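The values are calculated or read from the model by the stated rules, or taken from the named source; none is laboratory data. As the structure is a prediction and not an experimental result, all values here were calculated from the model. So basically every Cβ, Gly included, is an ideal-geometry build from the backbone, and we count neighbours across all protein chains shown. Protein only, heavy atoms only, side chains kept; ligands, DNA and RNA dropped before computing areas. Shrake-Rupley method; radii C 1.70, N 1.55, O 1.52, S 1.80 Å.
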Amino acid sequence: MHQIKRLLTLAAVLIAVTSPALANSLVVYSPQGEENVQWIVDQAKAAGYDVQVLRAPGGELFDRLVAEKNNPQADVVLGMVDTSMALLKKNGLFQPYTPAWAADLPAQYKDKEGIVYKFWSTPVVIAYDSEKLAAERAPKSWLDLTRGEYKGKYVIGNTAWQTTRVYLAGILARFLDDKGEVTQAGWDFLGAFYANAIVVDDADARKEAFKSGGAVINLNWFGGVIKDARELGMQVKVIDPEGGTPVISEGVAIMAGTDQLEQAKAFVDWFGSADVMAGYAKKFGQVPVLPAALAKSPPEVQANAELVKAQPIDWDAVAPKLDGWLQKIELEIR
């Protein structure tokens, strides 16, 4: 059995559905935004689930989960991205469970071991300002960006940013040998990719690159592209590139050490169901990956789901290598 769950002492936001003793509630760790978590909490309460949600940044939750491995305080992890979920699984923190909604889930959104299942996704896209770059001159793939005509036209952000990490992983995943290592051709390409870009460390510098008129190609998560378009007055078009677009997917899994296994299973069955996911899509515009949920989503969400084709990436293979790749980028390329 768990010790009494000491969540109120943690440096994070705890949102309670009900007020029983914490040991009697299902504890969910999630990096979702405050408004998103509150929506989940309210829906769970209405459905009769006694849930406590610990909300904190993904990196903080990852470190906490690893530190708590031998004395787990969470029952369910919800909303962490592909790389984090893959590494937590590799470290033995999760246990297998096949949710009731998993049978119709596309293969790319569930792992071979039946442990982590994804529920919604966001593409990291190439978009461009159509007022400053003609469609026929826009890049057709990520690999086009090293061409001379795009020098100084796109921005590479800080490698600590999740979006940057995802598209760098997507690029390097195109250059893996049969042992899963990046070839020299891959590192050479990445060197050219950086040399051709405006490289920034902070959000202000990134925004200035677009304001100054130099940058017209936006490498960003889809919601970020829309936000930039609104704030910077850009008329953007999203490219469906050759070879696909890397996609950030968020997953759910049950902790190996939970003492509330049946409650955890029931919650996961409820949370990932078509009706709940469609409700989330209506509220926040996020694209659910469950086909039945997408079919019930607003038309604009369905349209966004068709904008790009996902790049196939084996995150279980990529995740353990990504920190090493990023270190090499910082030391030898950037």
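Annotation note: GluC sites (Glu not before Pro) in region 256-334 located in DSSP loop regions with a Cβ neighbour count of at most 12 within 10 Å are Glu306. Extension gain, Asp177-Lys90: 0.36 nm per intervening residue step, less the Cα-Cα distance, totals 29.1 nm.
Computed over protein heavy atoms with a 1.4 Å probe, the carbon and sulfur contribution to the accessible area of the chain reaches 50%. Within region 84-167, the GluC sites (Glu not before Pro) that combine a DSSP coil assignment with at most 14 other C-beta atoms in a 10 angstrom radius are Glu113, Glu131. Label zone of Gln327 (point 7 Å out along Cα→Cβ, amide N under 18 Å): in region 130-174 this covers 159-161, 165, 169. Computed from the Cα positions only, the extents of region 221-334 along the three principal axes stand at 49, 39, 27 Å, in decreasing order. In plain terms, the chain from Lys112 to Gln302 could stretch by 65.7 nm, reckoned as 0.36 nm per residue minus the Cα-Cα distance. The Cβ shell under 15 Å around Met234 holds other residues with a net charge of +3, Lys and Arg each +1, Asp and Glu each -1. Positive-end ranking of Val37, Ala103, Gly59 along the dipole of region 19-118, with charges on Cβ about the Cα centre, is headed by Ala103. Length gained on full extension, Ser212 to Ala266, computed as 0.36 nm times the residue gap minus the Cα-Cα distance: 14.2 nm. Amide H contacts under 5 Å for Thr245: Lys309, Ala310, Gln311, restricted to partners 5 or more places along the chain or on a different chain, H placed in the peptide plane at 1.01 Å from N.
For the chain, the membrane-span-like helix rule (DSSP H, alpha carbon extent of at least 30 Å along the helix axis, mean Kyte-Doolittle at least 1.6) picks out no helix; this says nothing about an actual membrane. Using just the C-alpha positions of the chain as equal point scatterers, what log10 of I(q)/I(0) does the Debye formula give at each q in 0.10, 0.13, 0.15 1/Å? Taken in order of the listed q values, log10 I(q)/I(0) reads -0.62, -1.02, -1.28.
Ligands, DNA and RNA excluded, the heavy atoms of Lys227 present near 100 Å² of accessible surface to a 1.4 Å solvent probe. Largest GNM mean-square fluctuation across Leu87, Leu290, Leu176, computed for the chain with C-alpha springs under 10 Å, falls on Leu176. Given R0 = 25 Å, the distance between the Cβ atoms of Lys227 and Asp314 translates into a calculated FRET efficiency of 0.25. For region 23-56, the residues whose amide N sits under 19 Å from a probe point set 7 Å from the Cα of Val66 along the beta carbon direction are 29-31, 56. Heavy-atom accessible surface of the chain, averaged per residue, reaches 45 Å², computed with a 1.4 Å probe. A Förster radius of 22 Å, combined with the Cβ-Cβ distance separating Ala47 from Lys282, puts the computed FRET efficiency at roughly 0.85.
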